[in-house]
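Heads up, the thing below is written out as C-alpha cells.
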Amino acid sequence: MNSRLFDFTGFTEFYRLLKPLSPYGRQALQSLPWHTRREDLEAWYDRVDLLLEYRRGSRELKDRLEYHLRRLPEIPSPEEEAFSSDDLFLFKRYLYNLKALSDLLPPEVRTAFHLEFTLGDLLSRLSVDGSQESFQIADAYSPRIALLRKELRLLDQEITALRRRRCEDIREQTGLDFLMKDFIILDPRRAGGIPTDLIYREPYDSRSFILRPTMTEEYYDRYSRRDDLAEEELEEERGILKALGTLVSEHREPLKNCREAVTDFEKAWIVASAAEEYGMVRPRLLSPGSPPFVARGRCLPLELECSNRGVDYQSLDFSPATGISVIRGPNMGGKTTLLKTLGFFQLLSQQGFFIPAEECRLSLFDSLHLVAPQRGDTGGQGLSGYGQEVLSLAEALDSPGDHRLFLIDEFGSTTTSRDARALNEALLEILAQRGLNAFLATHILDLCLPSGVSVYRMAGLRQGGLESLSEAGRGENLENRIRLLNKNMIYTPEPETEKDRGSDALIIADYLGLDAELLRRASKKMGL
Amino acid sequence: MIPLDELAGRVTFIAGSAKNAGKTTLLVYLLRLLRGSGALCFGSAGLDGEQTCAVTGEEKPSVTCLPGDLVITSSRAVEESRGNFEILEVFPWHTGMGRTVLVRTLREGSLELVRPETNSRLGIVLETARALYPDLTVLVDGAAGRLTQSASVLRAGYLYTALMNPSNVEKVSRRIRLLGLLDRLPEWRDETEEAVMIPGALTGKTILPEGTEPVVLEDHGRVFMTCREFEKLTASRRVYTRRKIPLRFCVPRFVDLERKKALSELKKTAPEVTFVMNPFEEMEDG
C-alpha cells in the first residue's frame, strides 16, 4: 500500500493529529502494523478497551501517567559495550519513570502490557546518590572515591584560603584587590611602584600594564597535589562507570523487553486517546469478504475540513449488501468522498485504531488498493493519468492475498466511453470471479453487472434543493455557492432504482455559472 | 560599577565586537559577583574554556565552576573536567563533544563550555533550566559579533563588550551607536495598522516597498545594516520591533587609547547606551 492511498483517504492528516508523548510513541506511530488476523486484532482491541476503562477512572491518575510517559527518554542500546555518565542518566530516568508508570497501572493492565517492573535492582544501583532523576558518580559507589573526594574538598578549601590570604596581603601592601579578579590593568606610574615578589607584571598596551598576583609555593604545592588526586579520582570514576555499564549490559534482555512493552503501551494509549477525543468506537470484526456496515460514520479529516470551511459535515450511513458495490450519482454528489471514508475506516481499523462512528462492522483484508486518477504531477514517468491508473490496477490485481479491497474511482474516465464501459464491466467480472471486495465509483450508466454486485446511488440534491440553490445562490461568490450546494446535497448512498437515471450535471453546471447557451445546447442534445 | 540588578533573575547574553573582546573574562568576573545571590546558570554560544585562543595564541581564561553553579555544556567536557558534577538533564541531540547536558557543580573545577549546536536548542536548554529554577540568573558567553542567538530566547537581554583600538575606534563606535538606536525601537503592538513586516534579515540591500507604512522587524538581532543605513531608514519611516532584546550595558575595552577621552567620545557618539567601565582597569585616565 503506498502513500497515495493514505493521502487519498485522509489518513495522513489524521496521523498528524496524533500526539505521542514519548520517543516510544513516535516510534510506534512510525511502524504501525497491518492486522490481517481477526483474533490478533481482537486481542489488541481488548487491551485498548482496558486502557479506555482505566482512563475513564481517575483524571488525576491519567494525568500522572501521561506525565511519566512524557518523561521517558530514549535510552541507548543496552548492547553497547560502554556507557558514559549521560547514558547512565538516561537509563536511570527511564527506569524511574517506567516504575512510576507501572505503579500507577492496575494489575490487569500491567499484565496485559507486560509492564511489571522487574528492574528494581538496576534502578537502585543507579540511585545510590539518593536522587530520583539526576545522576552523579556518588561517593557511595566506592569508599576509595569517597576518601579521594574528601581530601579534594579539604584541598579546595585550603587553596581558596591561601588565595584569599595572598590577595589580602597584596591589598594591604599595594591597595590592589585581586579577590574577584585574576588581573588588573594599571597605568605605568602605579604599576612601576608594585613589588614584583607579589605581582607579575607585563605590558598590556602602549599606555598600561597588566598585573597578576603571584601565589605562594604552598599554594602551588596544594594545587599540584589537587591535580594528582583529581587524576586518581578520574580513574576511580572510570572504574565505577565501567562497573555500572556492565550491570546495564547484564540487564539487556529485560531492558529490550521493557522497551517493546512501553512502545506497545504507548501505541495503545494513543489509540485510546484518539478514541476518546474523536468519539471512536470499537468496530465489530466480520468474517473475511463480508461487506461493511457503518452507522453515522465520520471521516475525520473531511469533517475537520468542513468545520474549517463553515460547512456542515454529513455522517455516513451505509450497509452494502455484497462485497462489490458500484457507486453512481451526480457530480459533486459524494462518490469519491464515500470511497475515501470507507478507505479511511479500513486503514484505521487494520492499523489498530477504533472507528469514528456510532457503529461499524467490517472485515479484514490482506491489502487495500486505490485505483484513481492521479491529480497533478504523475511522477515524471512519462505516463498519462490513464496510464497511471492502469499500472495501479495491474499491481493491485497481481498482489498476493485472497482477501483484498479495491477502491476504484472513475476508472477509465479519460478514455472513450466505449473503452471505459468495457474495462469497468470486465473489471467487475474479474473481481467477482476472484472473490475480491471493491467499491467502484463511476458515471457510466447501464453497466452490465455480474451477480454479486450491488449498485448504489448518492442521493444528490434534496427535494426542493434546486429551487433553494437558484434562489439563495443568486449573486453569491463561488465559495458561498459551493457552501450552499453542500448544504442542499444529501451524501447518502441508497440502492439504485430504475428511475434514478437522471443527471444533475447540467443543473450543477448552471448553478456554478457555466455559459447559458452551452447548457441550452447540451440539454437539447440530451433530449431534456 | 557593574549594575548587578540588571542581570539578576534574567537571561543575558554577552556579545562582543570581535573575538577576544573580553566576553569570557567578563563572564568569569560577573559569575564571581553574582554567586551567592540566587541560582546561577551559564553556558556558551561558542566553544570556550580553551587554554589558548586558536586565533591569536593568547592565553584565554578558563571558566571555573563553583559548587551550586548550573552549567550548560557537553557530556564529554564534564567527563574531562577535574570538577565534580551532577547531571540534571541530558538533551537528545549531540554536539561534536557528546550530548548537551545541564549539570550542577558539586565540587569546583574548570570546564569547557560547549554550546548546543543551534540557537533554538540553546533556547530549549535555558527554558529547561528556568523551569527548574524560576528566578535563575543566566549568563551566556556569546559568539563574537553575533546578536542573533539572543533572539532565540524570549525575555533575554544582552550586554556588549567592545574591543577598541586606534584602528577600529570609529567603526566600533558607530556599531555601538547602532545598538543604542536599535535598543530604543518601540515594540510593535498594533496588529490592525498596515505595516511592512520583515521576518528575516534587514540589510542595506533589502528593498522596501514604497510608502509610509511603518517597518516592523521581528527583532533587532536580524538587523545587518551600518549605522548610517539604519539612520537613513528611520529618518524616512517609522521602525518597530516585535520583540525587544534589551541592551543592558556596554563595557568598552580600550587598547592603546586614552581612556577618559575615548570614553567621552564614545558617550557622545552613542548617548542612548549605558557604559560601564572595564572593571579590570584601574587607570588614572579612566
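What's the exposure ranking of A:313, A:24, going from fewest to most Cβ atoms within 10 Å?
Details: A:313 17, A:24 25.
Ordered by Cβ neighbours within 10 Å, fewest first: A:313, A:24.
DSSP beta bridges in the protein assembly as shown, what fraction antiparallel, as a percent rounded to 5? Before the final figure, lay out each step's value.
Working: 37 of 95 bridges.
In the protein assembly as shown, DSSP labels about 40 percent of beta bridges as antiparallel.
Between the range B:228-286 and the range A:304-341, what is the C-alpha centre distance in whole Å?
Taking the Cα centre of the range A:304-341 as reference, the centre of the range B:228-286 is 68 Å away.
Taking 25 Å as the cut-off for C-alpha to C-alpha distance, list the pairs among B:23/B:171; A:19/A:340; A:19/A:99; A:62/A:99; B:205/B:267; A:340/A:487 that go past it. Before the final figure, lay out the partial values.
Details: B:23/B:171 19 Å; A:19/A:340 23 Å; A:19/A:99 23 Å; A:62/A:99 15 Å; B:205/B:267 29 Å; A:340/A:487 20 Å.
The pairs that break the limit, which is 25 Å between Cα atoms, are B:205/B:267.
Calculate the dipole size of chain A relative to its Cα centre from +1 charges on Lys and Arg beta carbons and -1 charges on Asp and Glu beta carbons; express the result in debye to the nearest 20.
Values: 69 positive and 84 negative charges, 317 e Å.
It works out to roughly 1520 debye.
Assigning unit charges at the beta carbon (Lys, Arg +1; Asp, Glu -1) and nothing else, what dipole magnitude in debye, to the nearest 20, does chain B show about its Cα centre?
Numbers: 38 positive and 38 negative charges, 61 e Å.
Here chain B has a charge dipole of around 300 debye.
Convert each backbone phi in the range B:85-95 into a coupling constant with the Karplus relation 6.51 cos²θ - 1.76 cosθ + 1.60 (shift: θ = phi - 60°), then list the ³J(HN,Hα) values in order as whole Hz, x for Gly and Pro.
Karplus values, whole Hz, x for Gly and Pro: 9, 10, 7, 8, 7, 10, 9, x, 10, 10, 9.
Once you have a ≥ b ≥ c as the square roots of the Cα gyration tensor eigenvalues for chain A, tell me rounded if a/c is under 1.5, and otherwise prolate or oblate according to whether a/b is larger than b/c.
Values: a/c = 3.53, a/b = 2.28, b/c = 1.55.
Prolate, because a/c is 1.5 or more and a/b exceeds b/c.
Mind ranking A:513-523, A:72-82, A:336-346, A:291-301 by how tightly packed they are, going by the mean number of other C-beta atoms within 10 angstrom, highest first?
Sorting A:513-523, A:72-82, A:336-346, A:291-301 by mean packing, highest first, produces A:336-346, A:291-301, A:72-82, A:513-523.
Where does the charge balance sit around residue A:353 when Lys and Arg score +1, Asp and Glu -1, over other residues with C-beta under 11 Å from its C-beta? Present the calculation step by step, with values, prior to reporting the outcome.
Working: positive: A:267, A:282; negative: none.
Computed value for this residue: +2.
Apply the a/c threshold of 1.5 to the C-alpha gyration tensor of the range A:261-354 and tell me whether it is rounded, prolate or oblate.
Numbers: a/c = 2.62, a/b = 1.30, b/c = 2.01.
Oblate shape, in that a/c is at least 1.5 and b/c is the bigger or equal ratio.
For a quick check of your reading of the filter: which GluC sites (Glu not before Pro) in the range B:88-136 sit in a DSSP loop and have no more than 16 other Cβ atoms within 10 Å?
Of the GluC sites (Glu not before Pro), the ones in loops of the range B:88-136 whose Cβ has at most 16 other Cβ atoms within 10 Å are B:117.
Provide a whole-number value for the mean count of partner chain Cβ atoms within 10 Å of the Cβ atoms in peptide A:86-92. Don't jump to the answer; show the numbers that get you there.
Values: counts 14, 4, 2, 9, 4, 0, 1.
Per-residue shielding by partner chains comes out at 5.
For the range B:201-217, in order, what is each residue's ³J(HN,Hα) by Karplus, 6.51 cos²θ - 1.76 cosθ + 1.60 with θ = phi - 60°, in whole Hz (x at glycine and Pro)?
So the J values, rounded to whole Hz, are 6, 10, 10, x, 9, 5, 9, 9, x, 4, x, 10, 4, x, 9, 10, 8.
Return the sequence-ordered ³J(HN,Hα) values of the range B:237-243 in whole Hz as given by the Karplus equation 6.51 cos²θ - 1.76 cosθ + 1.60 applied to θ = phi - 60°, using x for Gly and Pro.
Working through the residues one at a time gives 9, 7, 10, 10, 10, 6, 9 Hz.
If you find the alpha carbon centre of the range A:412-448 and of the range A:93-143, how far apart are they in angstrom?
61 Å
Which of the lysines could a cross-linker span from residue A:242 if the Cα-Cα distance has to be under 19 Å and same-chain partners fewer than 8 positions apart are dropped?
A:92
What is the average number of partner chain Cβ atoms found within 10 Å of a Cβ in A:319-332? Kindly include the intermediate steps, with their values, before the conclusion.
On the way: counts 0, 0, 0, 0, 0, 0, 0, 0, 0, 0, 0, 0, 0, 0.
Partner-chain Cβ atoms within 10 Å, mean over residues of A:319-332: 0.
When Cβ neighbours within 10 Å are restricted to other protein chains, what is their mean count per residue of peptide A:178-190? Spell out each step's value before the answer.
On the way: counts 0, 1, 8, 7, 8, 3, 5, 11, 5, 7, 1, 1, 3.
Mean shielding count: 5.
Excluding residues on the same chain fewer than 8 positions from residue B:232, give the aspartates and glutamates whose Cα lies under 16 Å from its Cα.
By straight Cα distance, residue B:232 reaches B:210, B:213.
Under the rule of at least 5 residues apart or a separate chain, name every residue whose amide H is placed under 5 Å from the amide H of residue B:196.
Long-range HN contacts for residue B:196: B:215, B:216.
Nearest 500 deg cm²/dmol is fine: what mean residue ellipticity at 222 nm does chain B get from its DSSP H runs of n ≥ 4 alone, each adding -39,500 (n - 2.57), divided by its residue count? Provide the component values of the computation, followed by the final result.
Details: 7 runs with 72 residues, N = 286.
So the helix-based figure for chain B works out to -7500 deg cm²/dmol.
Taking the number of other C-beta atoms within 10 Å as the exposure measure, put A:415, B:212 in order starting with the fewest. Walk me through the numbers on the way to the answer.
Working: A:415 16, B:212 9.
Going from least to most buried by this count: B:212, A:415.
Going by how many other Cβ atoms sit within 10 Å of their own, how do A:280, A:215 line up, fewest first?
Details: A:280 20, A:215 16.
The order, fewest Cβ neighbours first, is A:215, A:280.
Can you list residues whose amide H is under 5 Å from residue A:142's amide H, if they're 5+ apart or on another chain and H is modeled 1.01 Å from N?
none
In whole percent, what relative contact order does the range A:81-170 give with Cα contacts below 8 Å and a gap of six or more residues?
Details: 44 pairs, mean separation 24.9, N = 90.
In percent, rounded to a whole number, it is 28.
Roughly how many Å is it from the Cα centre of the range B:1-32 to that of the range B:159-206, as a whole number?
If you average the Cα positions of each part, the centres end up 20 Å apart.
Hey, if you put +1 on the Cβ of every Lys and Arg and -1 on every Asp and Glu Cβ in the protein assembly as shown, which of A:76, B:14, B:65 ends up farthest toward the positive end of that dipole?
Result: B:14, furthest along the dipole toward the positive end.
Relative contact order, percent, of the range A:141-233 when contacts are C-alpha pairs under 8 Å separated by at least 6 residues?
Numbers: 87 pairs, mean separation 30.0, N = 93.
About 32 percent, as a whole number.
At 222 nm, what value in deg cm²/dmol follows for chain A if DSSP H runs of at least 4 each add -39500 (n - 2.57) and the sum is divided by all its residues, to the nearest 500?
Details: 20 runs with 278 residues, N = 528.
Computed mean residue ellipticity for chain A: -17000 deg cm²/dmol.
Can you tell me the dipole magnitude for the range B:186-243 around its Cα centre, using point charges on the Cβ only (Lys, Arg +1; Asp, Glu -1), in Debye to the nearest 20? Provide the component values of the computation, followed by the final result.
Values: 9 positive and 11 negative charges, 64 e Å.
It comes to approximately 300 debye.
Specify the residue with the greatest mean-square fluctuation among B:192, B:161, B:234, computed from a Gaussian network of chain B linking alpha-carbon atoms under 10 Å apart.
B:192
Which of the three applies to chain B, rounded, prolate or oblate, going by the alpha-carbon gyration tensor with a ≥ b ≥ c and a/c under 1.5 meaning rounded? Show your work: numbers first, answer last.
Working: a/c = 2.00, a/b = 1.34, b/c = 1.50.
Since a/c reaches 1.5 but b/c is at least a/b, the shape of chain B is classed as oblate.
Need one number: % antiparallel among DSSP beta bridges in chain B, to the nearest 5.
Numbers: 16 of 51 bridges.
So the antiparallel bridges in chain B amount to around 30 percent.
Every read-out reported here was derived from the displayed coordinates using simple, explicitly stated rules and does not represent laboratory data. Bear in mind the structure is a predicted one, so any value in this text is a computation, not a measurement. Neighbour counts run over all protein chains shown; Cβ positions are idealised from the backbone, glycine included.
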